[in-house]
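As structure tokens, the structure follows; a few thoughts come after it.
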Amino acid sequence: MARSWMTDLAGPRLKVARLHPSGLLLDFPFAPPPGSAVYVATFWPEPAAPSGWSFAQWQRGPHHRGVQLPQIADLGDVVGFRAVTRPQLGNVPPPAVRSGVPQPPPAANVVEWWGYLHAVERGALVLHGPHPSLPAAYAAAQHALAAQVWAGEPAGTTPRGGPAGSLGVHPSRERAWREPAQPPAAVSLTWHGDTATVSDPRFGWLHVPADDLAAALTRRSDELVRALQPLIRGIDGTEPPVTLAALAALHLPDLPNIHAPTPPPGPSTPEPPAPEPSTPEPPASTGPDLDGPS
């Protein structure tokens with residue numbers, strides 16, 4: 001079974017690997033175990049593939065040094081490294097083999113490193129990783145691409161050629177947002193000052209005012225589900241809370257004012273006070289009659 005290379009406790013970071021002018025990557029972003037064969041490939045979503053992913057393997061360089069970048073590679077591509085180490089049996093077969101008893105082949109030790117192509121610099125390839133899996137690396141690459149696109153978005157633009165607020169344009173749609181063509185692969189939240197973007201694989205890229213989103217996040221999820229079910233088909237309560245809040249912020253004109261403070265629970269009916277215990281009268285004396293008979 002493959003295991004991810006997650007010894008870096010600081011988490012994913014930028015890794016700079018030397019790049020030869022001929023397009024040969026000379027360094028790996030991790031140290032493969034001794035005696036392992038290293039394979040490198042570029043991965044991308046492919047609807048025709050049974051797994052939903054396709055790949056192109058990088059070829060080994062001259063003298064088995066490094067790997068050659070493929071002809072087609074671009075920023076944001078997911079790059080996977082796999083180091084495979086097979087046990088060395090030597091020249092003497094184990095006793096089970098000598099006795100004629102069939103044995104399964106020994107399991108190989110596989111180490112994987114997942115990242116994405118962050119930048120190409122002079123003489124270097126910058127990778128971001130490691131990520132725990134292929135989908136996680138792809139989601140991180142999408143997030144970085146979206147941040148780059150949003151950073152280059154001109155401020156103050158309005159759709160439909162009208163002023164802000166005209167033609168019934170909701171405040172969250174006043175900006176002509178540009179976003180990655182591929183739908184998001186994971187749920188994430190990004191703040192852009194007075195706006196925020198929530199990505200969801202099912203609902204796409206949701207751009208909403210930050211204060212509306214913050215107010216909706218204070219509401220209970222079941223409350224938002226009941227309010228959104230008549231407006232959005234398929235809402236069933238399994239949605240992440242941040243997605244429900246973003247959908248509520250997008251449909252703010254059709255929902256009760258989520259900015260209104262949640263009313264505190266009403267005062268409970270006080271129980272009647274318990275009656276004060278009465279002071280008991282002293283019991284009649286039952287001792288001997290000291291006066292004697294009359």
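The values are calculated or read from the model by the stated rules, or taken from the named source; none is laboratory data. Quantities reported herein were computed from a predicted structural model and do not represent experimental measurements. Here the Cβ positions follow ideal geometry from the backbone for every residue, glycine too, while neighbour counts run over all protein chains shown. Surface accessibility is based on the protein's heavy atoms, side chains included, excluding ligands, DNA and RNA. Shrake-Rupley method; radii C 1.70, N 1.55, O 1.52, S 1.80 Å.
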TODO: Determine the pairs where a residue that is closer than 13 Å to T42 by Cα and in a loop (DSSP other than H, G, I, E, B), located within the range 108-124, has a partner that is among the hydrophobic types (A, V, I, L, M, F, W, C) and open to solvent by 20 Å² or more (accessible area, probe 1.4 Å) with Cβ atoms under 6 Å apart, the partner being 6 or more residues away or on another chain.
DONE: none
TODO: State the number of residues belonging to the range 243-278 that are modelled with pLDDT of 65 or more and exposed (fewer than 10 other Cβ atoms within 10 Å of the Cβ).
DONE: 4
Open item on the list: Among the numbered criteria (1) modelled with pLDDT under 85; (2) surrounded by 15 or more Cβ atoms within 10 Å (Cβ to Cβ), which one does T197 miss?
Closed with: (1)
Task: All positions within the range 213-242 that are surrounded by 12 or more Cβ atoms within 10 Å (Cβ to Cβ), in a loop (DSSP other than H, G, I, E, B), over 23 Å from the mean Cα position of the chain (by Cα) and not β-branched (V, I, T) - done: Q229, L231
- [ ] Take A37 and decide whether it is of a type in the set (G, A, S) and free of Cβ contacts under 8 Å to residues at least 40 places away in the same chain.
- [x] no
